[in-house]
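I have placed the structure first, in the form of structure tokens, so that the comments after it can refer back to it.
Nothing in this text is a laboratory measurement; each read-out follows from the coordinates by a stated rule. No experiment lies behind these values; they were computed from the predicted model shown. Methodologically, a virtual Cβ is constructed for each residue, glycine included, from the backbone with ideal geometry; neighbour enumeration extends over all protein chains shown.
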Amino acid sequence: GAGVSQSPSNKVTEKGKDVELRCDPISGHTALYWYRQSLGQGLEFLIYFQGNSAPDKSGLPSDRFSAERTGGSVSTLTIQRTQQEDSAVYLCASSLDSVGNTEAFFGQGTRLTVV
Amino acid sequence: DQQVKQNSPSLSVQEGRISILNCDYTNSMFDYFLWYKKYPAEGPTFLISISSIKDKNEDGRFTVFLNKSAKHLSLHIVPSQPGDSAVYFCAARVSGNTPLVFGKGTRLSVIA
């Protein structure tokens, strides 16, 4: 597609439920990133995929968070047993690769509200 | 431990004047630096970048300066326009298989 696409754009869920957030990166981009932005905060790194390498999961805040990237393209971020502190805008980005210095392009984000 | 710091949460500038946004980093291994702009309810958009082999990169009204010895970079916008009002994020990375590390952002308001 023309840009990074995320769905849904908004998600309201009850505390304790599981949610799945989807990211369609730009075609041909091998690197994919998930970040989140809580109210009034900066961009917090969550997880990073690069080609066939093992993902860098060092930013995931707890084991309730997981992500996968199927076929080197679409990625899904799953949050199990959601808590109110999970409320944030979840942003996905992709870049051509991470070996060369190329910029990352962001999607519009998914605003998650846990009530 | 915050590796990329933007110490000014907000900045107000008059239209036509220069806006200077600052960013400090602690990781001396960082060798690629970027600035992103973010409007409300939108994802960040790439603005300008600089490699550590340079100390200046210019693109139209936007110039990024890098001072490696001070571990400091800045974004200059001149002349500032009301449409530049947004949150600006500084980001850095180590070349190779590593993610971008972002600062907390600076909200720029350009007053007409």
If residue B:57 satisfies all but one of (1) touching a strand residue (DSSP E or B) at 6+ places or on another chain (Cβ under 6 Å); (2) without any contact (Cβ under 8 Å) to a residue 60 or more places away in the chain; (3) closer than 30 Å to residue A:9 by Cβ; (4) polar (S, T, N, Q), what's the number of the condition it fails?
(3)
Which residue pairs have Cβ atoms closer than 9 Å, lie 6 or more positions apart in sequence or on different chains, and pair a first residue in the stretch B:20-31 that is farther than 19 Å from residue B:98 by Cβ with a second residue that is assigned to a strand (DSSP E or B) and small (Gly, Ala, Ser)?
B:20/B:74; B:21/B:74; B:22/B:74
Quick check on my filter: what residues within the stretch B:41-76 are within 14 Å of another protein chain (Cβ to nearest Cβ), surrounded by fewer than 16 Cβ atoms within 10 Å (Cβ to Cβ) and small (Gly, Ala, Ser)?
B:41, B:51
Pick from A:62, A:58: which is more than 15 Å from residue A:7 (Cβ to Cβ), facing chain B (nearest Cβ under 9 Å) and within 15 Å of the chain's Cα centre (by Cα)?
A:58
Name the residues in the stretch A:24-45 that are buried (at least 21 other Cβ atoms within 10 Å of the Cβ) and either of a type in the set (Ser, Thr, Tyr) or outside any loop (DSSP other than H, G, I, E, B) (or both), would you?
A:31, A:32, A:33, A:34, A:35, A:36, A:37
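Quick grid of which residues meet (1) touching a residue at least 60 places away in the same chain (Cβ under 8 Å); (2) within 19 Å of residue A:81 (Cα to Cα):
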site	(1), (2)
A:7	yes, no
A:10	yes, yes
A:16	yes, yes
A:20	no, yes
A:28	yes, no
A:32	yes, no
A:39	no, no
A:45	no, no
List pairs: first residue in the stretch B:88-106 and at the interface with chain A (Cβ under 7 Å from one of its Cβ atoms), second residue charged (D, E, K, R) and not in a strand (DSSP E or B) anywhere in the structure, Cβ distance under 7 angstrom, at least six positions apart or on different chains.
B:95/B:31
When you scan the stretch A:88-98, do you find a residue that is within 14 Å of another protein chain (Cβ to nearest Cβ), more than 14 Å from the chain's Cα centre (by Cα) and among the hydroxyl-bearing types (Ser, Thr, Tyr), even just one?
yes
Only one of A:11, A:15 is closer than 14 Å to residue A:114 by Cα and in a loop (DSSP other than H, G, I, E, B); which?
A:15
